[in-house]
Amino acid sequence: MPQFCSHLGSGVLGVANIPQLQQFHAQLIQHALHRHDYWVARLLAFCTRLHAPQTYTCRIFDSAHQPSVMVFTNMLRYYSKCGANNEILTLFEEMHKCGLKPDACAYPVVIKAAGKGGVLFHSLFVKMGIDCGKYIRNALINAYGKHGPIESGRQLFDEMTERSVADWNAIISGYWNWGSEGEAKRLFDLMPDKNVITWTTMVTGYSKMKDLENARSYFDRMPEKSVVSWNAMLSGYAQNGFPEETLSLFNEMVGTGITPDETTLVAVISSCSSCGDPVLAESAVKTLGDRGVRLNPFIKTALLDLYAKCGRLEKAQKTFNELGDTALADKRVCCPNDAV
């Protein structure tokens, strides 16, 4: 490889934000490398990791005259990170039109994006003799767990000679989705190595069944807790009408040094709304503001509901206005009843 290519290769390690990505992209253009599949794929991977704007990312993809499987796959991953399911399916179809065969990394993204139709890939793989590697099998188990039949997902799981933690988590979560507490618990007890996701799945499952006693039992027994774990228990209390328990757990969470996020705040504000305590809600908002957490439309909608219920109409109006033109769609969907 020429010396400048080696220099670019080492420069990749220094890309940690969008301006640095754009600077690196400019260097590729300067050396006429920006259309090469290898570098396009690397740029797309950075776009995914750094949450680059979609218009910029699409321009990078379009710069490849004949995108390789790697380029297509990385673009699929970018769309997956954005939740752009329609774009994933369109791009997958374009990939087929180009005569390219998707690899084991592309299919899981497409299966997830296809929603209920994702399970149809299973019969397609069998018909075409495509080997369902571990990533594809895991994606199919997740699809069956969400859309059914769960029995087909279980069959795939039972046929696996080696099961990862992700496979166990997928089937346990699937049983919870279909209300099969007994089988979810049985598999949890059989699972050799559990991680924080496994435990959080049990907390969420019992919370959805309104069994807060068992949910809290699993939560308290967790060897380690992530912010998602705390949010699962907080949401369980908030959604089932236990505001005092929600606020008590929130204080415990802050005391342990875990940084709350937007989901945490929605649960806490909802509970404050139930017990009519806007002061505590504002204190929680300030805590997250001090830590740089952005107040998204869902948080502001929860605040709007709180202020309206507490009779603070001026603050309710101000919060509604703060949603701004960029969140106009969220206003129409989330806020009109609160504003009235």
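The values are calculated or read from the model by the stated rules, or taken from the named source; none is laboratory data. Computed from a predicted model, the values in this text were never measured in an experiment. FYI the Cβ positions are ideal-geometry reconstructions off the backbone, even for glycines, and counts take in every protein chain you see.
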Yes or no: residue 123 polar (S, T, N, Q), surrounded by fewer than 19 Cβ atoms within 10 Å (Cβ to Cβ) and modelled with pLDDT of 95 or more? no
Condition (residue is in contact with a Pro (Cβ under 8 Å, 6 or more places away or on another chain) and under 21 Å from residue 91 (Cβ atoms)) applied to the range 138-153: is it met by at least one residue? yes
For the range 250-270, state whether one or more residues are of a type in the set (A, V, I, L, M) and outside any helix (DSSP H, G or I). yes
For residue 229, which of the numbered conditions (1) under 16 Å from residue 214 (Cα atoms); (2) more than 18 Å from the chain's Cα centre (by Cα); (3) of a type in the set (S, T, N, Q); (4) crowded, with 20+ Cβ neighbours inside 10 Å fails to hold? (2)
Filter the range 181-193 down to the residues that are in contact (Cβ under 8 Å) with a residue 24 or more places away in the chain and more than 24 Å from residue 136 (Cβ to Cβ) and list them by number. 181
What's the total number of residues in the range 153-167 that are under 12 Å from residue 140 (Cβ atoms) and part of a loop (DSSP other than H, G, I, E, B)? 1
Condition first: among the small types (Gly, Ala, Ser) and in contact (Cβ under 8 Å) with a residue 24 or more places away in the chain. Now tell me which residues in the range 205-253 satisfy that. 205, 207, 226, 229, 232, 235, 236, 238, 241
